[in-house]
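*Asks:* Here's a structure for you.
The values are calculated or read from the model by the stated rules, or taken from the named source; none is laboratory data. If you're wondering where the values come from, they're calculated on a predicted model, not measured in any experiment. Here the Cβ positions follow ideal geometry from the backbone for every residue, glycine too, while neighbour counts run over all protein chains shown.
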Amino acid sequence: MDELIIGGEKFTSRLIMGTGGAPSLEVLEQALKASGTEITTVAMRRVDPKARGSVLDVLNRLGIKVLPNTAGCYTAGDAVLTARLAREALGTSWVKLEVISDERTLLPDPVETFDAAERLVAEGFTVLPYIGDDPALAKRLEQIGCAAVMPLGSPIGSGLGIRNPHSIELIVEAVNVPVILDAGIGTASDAALAMELGCDAVLLASAVTRAQRPELMAAAMRDAVIAGRAARLAGRIPRRRHAVASSPTEP
Amino acid sequence: MRVTINGTDHELPAGATVAQAVRALTERTTGVAVAVNDEVIARGAWDSTPLSEADRVEVLTAVQGG
């Protein structure tokens, strides 16, 4: 059985879905079902007295594990407080740590992220940090006790795919904790590529929730992750500059 | 007594608790967490934690994201 193990917990699906960007909870629910995901991220925000329905009800109904994120935080202090609030609200000590540096790029701030990760690990959290495609930082975060690392393929919501596959491969080589490709996935081939590069899982949201047909794209992503994982395990042939005949060369 | 709940000023009776501040916004108690002046108040302590003048109360829940 090819299981994904994060923080001692086992999962069959290697596709982690985000919930951001879905036009409605109904569309989201259909997409989550089609994706086969077992872990799904949510954000923490002020209670809106006018809100109807809750994403938590959807996740409870589908039996999907909730992974709160710290999206919107710019400092380690903010992220730590958000993680504590999420633990209190949702009863989980898992957190997708996300500390961004600026609104335009939404790129992760490595210094604040590292600082927050140290503090959260010390408080007993299972920390999954969102980071740039930096093998050195990934290694340092593993050393301080993070349960996984989540390097970006390209900026959040950009759909630009994996801009630096070589860095992702280096991260896969550098750490022993799961590597979860997070951010930038645009279509199914991007997700398959992440898995072929050796990532243990893929996290995506916009690629599905903002697709013209979210449910269909969710199914495509599910299949792409399965195919990419199988290809990785199967071992691809080496790239060559010239042809290698596959038919017998004897007459 | 004036307190700020999720960024909006609210007038609450003197000695009002965290639980009363939460009820000013929502009847929901599951999936909700509260911080007063950036300190998390556990759900079990909402009824027994009084607020003070000018406290900043944040009431958060999970929404779509990430």
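*Asks:* I need the full set of residues from segment B:23-43 which are more than 28 Å from A:A22 (Cα to Cα), within 10 Å of chain A (Cβ to nearest Cβ), not in a strand (DSSP E or B) and not basic (K, R), in order please. Before the answer, list the steps.
*Replies:* Of the residues in segment B:23-43, the ones more than 28 Å from A:A22 (Cα to Cα) are B:23-24, B:35-43.
Checking the rest, the ones that are also within 10 Å of chain A (Cβ to nearest Cβ) come to B:24, B:35, B:38-43.
Retained after the next criterion (residues that are not in a strand (DSSP E or B)): B:24, B:38, B:42-43.
Those that are more than 28 Å from A:A22 (Cα to Cα), within 10 Å of chain A (Cβ to nearest Cβ), not in a strand (DSSP E or B) and not basic (K, R): B:A24, B:D38, B:A42.
*Asks:* Does A:T19 fit the bill of being at the interface with another protein chain (Cβ under 8 Å from one of its Cβ atoms) and either among the hydrophobic types (A, V, I, L, M, F, W, C) or surrounded by 21 or more Cβ atoms within 10 Å (Cβ to Cβ) (or both)?
*Replies:* Working: at the interface with another protein chain (Cβ under 8 Å from one of its Cβ atoms): yes; either among the hydrophobic types (A, V, I, L, M, F, W, C) or surrounded by 21 or more Cβ atoms within 10 Å (Cβ to Cβ) (or both): yes.
Yes.
*Asks:* Restricting to segment A:127-185, name every residue that is part of a loop (DSSP other than H, G, I, E, B), of a type in the set (A, V, I, L, M), buried (at least 24 other Cβ atoms within 10 Å of the Cβ) and out of contact with any Asp or Glu (no Cβ under 8 Å at 6 or more places or on another chain).
*Replies:* Of everything in segment A:127-185, those that are part of a loop (DSSP other than H, G, I, E, B), of a type in the set (A, V, I, L, M), buried (at least 24 other Cβ atoms within 10 Å of the Cβ) and out of contact with any Asp or Glu (no Cβ under 8 Å at 6 or more places or on another chain) turn out to be A:A183, A:I185.
*Asks:* Would segment A:32-45 turn up any residue that is modelled with pLDDT under 95, facing chain B (nearest Cβ under 8 Å) and over 20 Å from the mean Cα position of the chain (by Cα)?
*Replies:* yes
*Asks:* Checking A:R104 against (1) under 26 Å from B:A42 (Cβ atoms); (2) away from every other protein chain (no Cβ under 14 Å): exactly one of these is not met. Which one?
*Replies:* Result: A:R104 passes all but (1).
*Asks:* Only one of (1) at pLDDT 90 or above; (2) touching a Ser or Thr at 6+ places or on another chain (Cβ under 7 Å); (3) assigned to a loop (DSSP other than H, G, I, E, B) fails for B:V57. Which number is that?
*Replies:* The failed condition is (3).
*Asks:* Let me ask something else about it. Just the residues that are more than 11 Å from every other protein chain (Cβ to nearest Cβ) and either surrounded by 19 or more Cβ atoms within 10 Å (Cβ to Cβ) or within 10 Å of the chain's Cα centre (by Cα) (or both), please, taken from segment B:1-15.
*Replies:* B:V3, B:T4
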